[in-house]
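What follows is a single structure, written as structure tokens, with notes after it.
None of the figures in this text is laboratory data; all of them are computed from the coordinates on show. Here the structure is a predicted model, which is why all the values come from computation and not from measurement. Every residue, glycine as well, gets a Cβ built from its backbone with ideal geometry; the counts of neighbours run over all protein chains shown.
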Amino acid sequence: MLLTVVTYMPLLAQHNNMHDGKHKALGKRVEYDLYIDHLMVNFTGKEKMGMAINGGIPGPVLHFNEGDTAIIRVHNKLKNEETSIHWHGLLLPNEEDGVPYLTTAPIKADQTHTFKFPLIQTGTYWYHSHTMLQEQSGIYGSIVIHPRGWNESASVKEHVIMLSDWTDENPHEVMRNLKRGIDYYAIKKNSVQSWGEALAKGYLKDRAKTEWMRMPAMDVSDVYYNRFFINGKSDHVFTDAKPGDSLRLRIINGSASSYQWVQYAGSKMKVVTADGIAVHPIEVDRILVAIAETYDVEIKLPEDGMAYEFRATAQDISGYASLYLGEGMKMKAPDLPKLDYFALMREMNNMGNMAGMDMSNMKGMKMEGEHKGRDTGDMKMENMGMKNDSSMKDIPKDTSMMAMKMDTTSMKKMKMDSTMTMPRDTAMSNMDMSKMSMGNMNIGDQSEVTLTYNMLRSPAPTVLNDQLPMREIKLSLTGNMIRYVWSFDNKTLSQSDKIVIHKGENVRMTLVNNTMMRHPLHLHGHFFRFLNAQGEYSPMKHTFDIGPMETVTIEFYANEEKDWFFHCHILYHMMAGMTRVVSYENSPPNTQLAPNDQKKVFKEDRMLYFWGQTKIASDAVFGFANIVGNRGILGTTYRVSYKNQYEFQPDYQRFLGKRQFLSVYAGADIRNTFQVVENGKLVDRRVGVLGVRYLLPMFVQSELRVDHRGNVRFQLSRNDMPITRRLRLSLVGNSDWEYNIDFDYNIAKRFYIHASYDSDYKYGAGLTVLW
């Protein structure tokens, strides 16, 4: 293994010289043509429009050898739509990275862009669109780079395993649903955690405590998916796998927003690389593969002639994809237990108390599976600013996982279940984790081994050269699940400044996850040390998972130039703002882009979303319509009776503060159901209003307003309180003695039947439509 490291060293030196024009390709030219177009697909029994590369989902596997020069022509056949391709994990010149308007020009409709770059590394990587939500629709594929001189006939048989998720919905509709907080996905996944279910299961106090902290219901993923795929199919058989064969599986999680558990029924899996780079081999039974990570594992087929299942299960256990290796009687991998969301809720409440957290950022525990990792095997350490000394002084205390007694030779003796992510945050260091069941996230047989990041060990030291200056950067992961806004330091990409660094220095980034979701973070164009219990042998990575309430430190030698993306690889989190730009100061201009092009990068989290609701009742038509951005809402409520009564209350609401519980608004109140005396006559009320809203515990919305006549009104409301899985209760009352009680029962994705009593309109019932 160490020989592999040494033989790879010269190529990293070439990487450092890429930008001065001195680099020359050492291998052959390998050319591909990729055609991106719409494709009608039927994965679920319904025809839906997707996007494909060369007519397939996923796109083709791109094979190279180390030292080759890649020449890839990307042809955009989409109608009236730009596209792009990012080469995930590849070290290449900035202009070839593929992020439209940041590093590379977008590929316009009916145009072709040619990428040309040297392959100076080996391993398993992938490519995908970086334009809007195209990745979810099918624009992704895999990359395999073999060592120089690789001989297929003399090597272990191998297969690429591309994991992905599929929804029949238009991805833009998914994003709109997440923004509006529609609970249909939770209904489909049976993760609503209603008050009725809490009462029946003995978790009523926990449910009340969660709502008192204004924390949304628990979940481990945002989206309900119709299918999960291995290489574009839910079921596969590789008949070329024979009894006794040794196989190398190149696993890539190309999902848009699904972490995935992988298992093999026939034997343990020997992890040999992570993110394309060699790690000290370790045998495990399960791996939780974060989005955008890759792992190479080696397996051996049993001699009995049966077909053993390789299974990839969604983290929320809502579905899986299956691959059988070999022919004969099928031997299934074990089913993973369903999650106990109420147990998760209880544990999260306890953890919140211990850590003194701001619970408003929480959603989705996602506590399965400890940290996974990556390697450093084939990299030239000197050219990454590393030195081969045994010093541990650069490793912060909080990266030791609180010592954790994480000796990998005694994993089975640990009191703490090995499938649970133990945050590094020192606020958690005194917790007795042995009593935490974590809602069935202690998945499977406890004698089995689940891969953790602390098990990942580089075959060579990765310590940075301490003679270079060290730049310290700290970022907090933040978010508002109520409004689905994700950010760093409470700022979305469009609201933030660039992270400025200098070429030739070391950079240490400390990431603090203040949300209750996992986030897979990816830094373009770089590998970094992921500081773990292996100390100076900490693995190298380009993507890493950070768990709820966890603190993670990464560090790298800054040997690039220009601007690089750093973002959450949950596609919808990235679109909602959890992105930054790492910028090398005093870099030459990017010749592909116009001076103002980078402003277009900000448009993703500045998008506006439109939605509304109409209640068609026996007594009147009620509803609202909103245009929503990250910081404000322009909207109106309306009520129109069948007796010529009407009410309209338009306003613009602006959210304030980090938690966005507080907002101010200005608008109008126009109605003929509430009349006032003017010049001795009763007239309809038409007034301008100013007000303030504040979200109280239990999700009670308080509102105080004054109109231009000096009249003051105070109002309290609670919307969409889940009584059962499908039944919702909404209440409102104000100081004008107006009140409303409304029950809605979900019958389909956008349809409810409802019954209500209103102080003005009395009893009513009918159909509620979301649009």
With Val712 itself left out, Lys, Arg at +1 and Asp, Glu at -1 over residues whose Cβ is under 13 Å from its Cβ give -1
Specify whether the C-alpha gyration tensor of segment 695-771 places it in the rounded, prolate or oblate class, a ≥ b ≥ c being the square roots of the eigenvalues: rounded for a/c under 1.5, otherwise prolate if a/b is larger than b/c and oblate if not. prolate
Seen from all sides and averaged, what is the projected area of the convex hull of the Cα atoms in segment 609-770, in nm²? 10.1
Taking neighbour Cβ counts within 10 Å as the exposure measure, how do Leu475, Leu729 sort from fewest upward? Leu729, Leu475
Just to confirm a number: summing +1 for Lys and Arg and -1 for Asp and Glu over residues other than Val621 whose beta-carbon lies under 10 angstrom from that of Val621, what do you get? +1
I need Ser153, Ser538, Ser496 ordered by Cβ neighbour count within 10 Å, fewest first. Ser153, Ser496, Ser538
Is segment 228-284 rounded, prolate or oblate when judged by the Cα gyration tensor, a ≥ b ≥ c being the square roots of its eigenvalues, rounded requiring a/c under 1.5 and prolate requiring a/b larger than b/c? oblate
If I take every Cα pair under 8 Å that is 6 or more residues apart in segment 609-770, average their sequence separation and divide by the length, what percent do I get for the relative contact order? 16
Please give the net charge around Asp563, taking every other residue with its beta carbon less than 12 angstrom from that of Asp563, where Lys and Arg add +1 and Asp and Glu add -1. -3
Distance violations [Cα-Cα > 26 Å] among Lys541/Lys603; Lys233/Lys300; Lys201/Lys338: Lys541/Lys603
Sorted by packing (mean other beta-carbon atoms within 10 Å per residue), highest first, where do 600-611, 240-251 land? 240-251, 600-611
May I ask you to compute the full-extension gain from Asp489 to Leu662, defined as 0.36 nm times their residue separation minus their alpha-carbon distance, rounded to one decimal in nm? 60.5 nm
Can you sort Trp564, Trp195, Trp166 by how many other beta carbons sit within 10 Å, fewest first? Trp195, Trp564, Trp166
If the cut-off is a Cα-Cα distance under 19 Å, which aspartates and glutamates reach Lys46, setting aside same-chain residues fewer than 8 apart in sequence? Asp165, Asp168, Glu169, Glu173, Asp235
Please report the spacing between the Cα centers of segment 28-101 and segment 489-559 in Å, no decimals. 27
